[in-house]
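Trainee: Can you read through this structure? Questions will come right after.
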Amino acid sequence: MKNDSLKKIGDKILEYDNILIITHILGDGDTLGSAAALCQAVREQGKNAWIMIEDKVPEYLKFLVVDMCVEELPFKGNYISVAVDCSDMERFPERRKIFRSGEICINIDHHLTNTFFGDYNYVEPDSAATAEIIYLLLKAMKIEISKEAAEKIYAGINTDTGKFQNANTTARSHKIVSELYKTGIDHITVGIKLFQSVKPEKLMLENKIIGNIEMFYDGRGACTVVTQKMLEETGTLMEDTEGIVEILRSLDGVEISVFLKEMGEEEVKVSMRAKKEADVSKISSLFGGGGHVKAAGCTINKDISEAKEMILREVEKELEMIYG
Ligand SMILES: [Mn+2]
């Protein structure tokens, strides 16, 4: 499991006219921002580049990928495929074959659990966001970063660092952003689109979810759930729960926050966040999931109450290790 250089990866990309970019399902600001920045930058070099998706782009992130997304393979001839922000190929289950059918497959990511599934790989777990790596890649390709591409990179870094507050934020994150500012990015508008365009329905949903918060382990743990019924009652979608797990973690004294999403009768998606001491990627990997030390997730094929019991048991063990 060894990285290839960004120069080598960049040179490979430049050899191709057709570039297929793959994001992970349940897209976030980093995967979509990274994909869009790469797509934008290579299109500016005259390349035929597209982002292939298999589920919907969340409403609040659509501004990043205007006229860039396809659901079918858009090329006839050879292409190179590039997966961004995907720890493994399960993150794009319906597009695995199309990814592998690229003449060359590239994997660019920052998840510790990355499986090095590409022909060429660049994985940097210390990078706050994949978007930072895209910045470095474009530099290695000697591409001048336009304002448009810069705004997409900025969106990726801003969201994955939790507005530069998460533990993954580094001096380099700020340094890259300062370079992005020099291209004339409209950071105010990007910030408004990302964080200040909340629909009232989403607030109603949050009200319900937050009303159900349960504290445990002397207030070191906080947990809540969202059910399909709550989505129906408020006319919202699962994507509208974005940010809830961070709200839970923001509570005074909370070290681990857990948010369970009822996707189906026997399918629960779990998101976890740690504040300072805990390692939630350790917990998620017990259930076949992945992620980072301070932000991780997994899927449990049980009903929501059983899933909750299973996960909280492990979370309590982790808290016991720290405070016990
Ligand atoms: Mn990311």
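Trainee: Can you tell me the FRET efficiency between E148 and L14 if r is taken as the Cβ-Cβ distance and R0 is 22 Å, rounded to the nearest 0.05?
Mentor: According to the calculation, E is roughly 0.70.
Trainee: Efficiency by 1/(1 + (r/R0)^6): what FRET value for L203 and K276, r their Cβ-Cβ distance, R0 = 41 Å, to the nearest 0.05?
Mentor: Efficiency at R0 = 41 Å is approximately 0.90.
Trainee: OK, next. Dividing the Cα radius of gyration by the Kirkwood radius, what Rg/Rh value follows for the chain?
Mentor: In the chain, Rg relative to Rh is 0.97.
Trainee: For the chain, which whole percent of the accessible surface, found with a 1.4 angstrom probe, sits on carbon and sulfur atoms?
Mentor: Answer for the chain: carbon and sulfur cover 49 percent of the accessible area.
Trainee: Among 133-144, 89-100, 148-159, how do they line up by average Cβ neighbours within 10 Å per residue, starting with the highest?
Mentor: 148-159, 133-144, 89-100
Trainee: Could you work out how far apart the two model spin labels at E59 and L112 are, taking each label as a point 7 Å from the Cα in the direction of the beta carbon, and quote it in nm?
Mentor: 3.5 nm
Trainee: Go from 0 up to the bin containing the longest alpha carbon distance in the stretch 200-323, width 10 Å each, and give me the % of pairs per bin.
Mentor: Histogram of Cα-Cα distances, whole percents per bin: 14, 48, 32, 5, 0.
Trainee: Can I ask one more? Take the alpha-carbon centre of the stretch 58-88, take the same for the stretch 293-324, and report the distance between them in whole Å.
Mentor: Comparing the Cα centres of the stretch 58-88 and the stretch 293-324, I get a distance of 33 Å.
Trainee: Of G253, A131, S178, whose Cα points farthest to the positive end of the dipole of the chain (charges on the beta-carbon: +1 Lys, Arg; -1 Asp, Glu; origin at the Cα centre)?
Mentor: About the Cα centre, the residue reaching furthest to the positive side is S178.
Trainee: Still on this structure, I have one more. Among the listed pairs K7/K56; K147/K276; K56/K139; K62/K261; K8/K163; K47/K175, which are separated by more than 25 Å between their Cα atoms?
Mentor: Where the Cα-Cα span goes over 25 Å, the pairs concerned are K7/K56; K147/K276; K56/K139; K8/K163; K47/K175.
Trainee: Could you tell me the center-to-center distance, by alpha carbons, between the stretch 1-21 and the stretch 117-145 in angstrom?
Mentor: 10 Å
Trainee: Additional query: Please give, to one decimal in nm, the separation of the simple spin-label points placed at E233 and S250, each 7 Å out from Cα toward the Cβ.
Mentor: Spacing of the two 7 Å Cα→Cβ label points: 2.3 nm.
Trainee: Next question. Whole number in Å², please: accessible area per residue of the chain, 1.4 Å probe, ligands, DNA and RNA not counted.
Mentor: 46 Å²
Trainee: Here is a further query. Express as a percent, rounded to the nearest 5, the fraction of DSSP beta bridges in the chain (both residues included) that run antiparallel.
Mentor: Around 40 percent of the beta bridges assigned by DSSP in the chain are antiparallel ones.
Trainee: Hey, another quick one. Could you sort F195, F287, F117 by their accessible area in this structure, using a 1.4 Å probe and putting the largest first?
Mentor: Highest to lowest solvent-accessible surface, that is F195, F287, F117.
Trainee: Could you check the simple spin-label distance between E309 and E267, using points 7 Å along Cα→Cβ, in nm with one decimal?
Mentor: 2.3 nm
The values are calculated or read from the model by the stated rules, or taken from the named source; none is laboratory data. For clarity, every value in this text was computed on a predicted model and none was experimentally measured. Positions of Cβ are generated from backbone atoms using ideal geometry, with glycine treated the same way; all protein chains shown enter the neighbour counts. The area values use the complete protein model at the heavy-atom level, side chains included, leaving out ligands, DNA and RNA. Shrake-Rupley method; radii C 1.70, N 1.55, O 1.52, S 1.80 Å.
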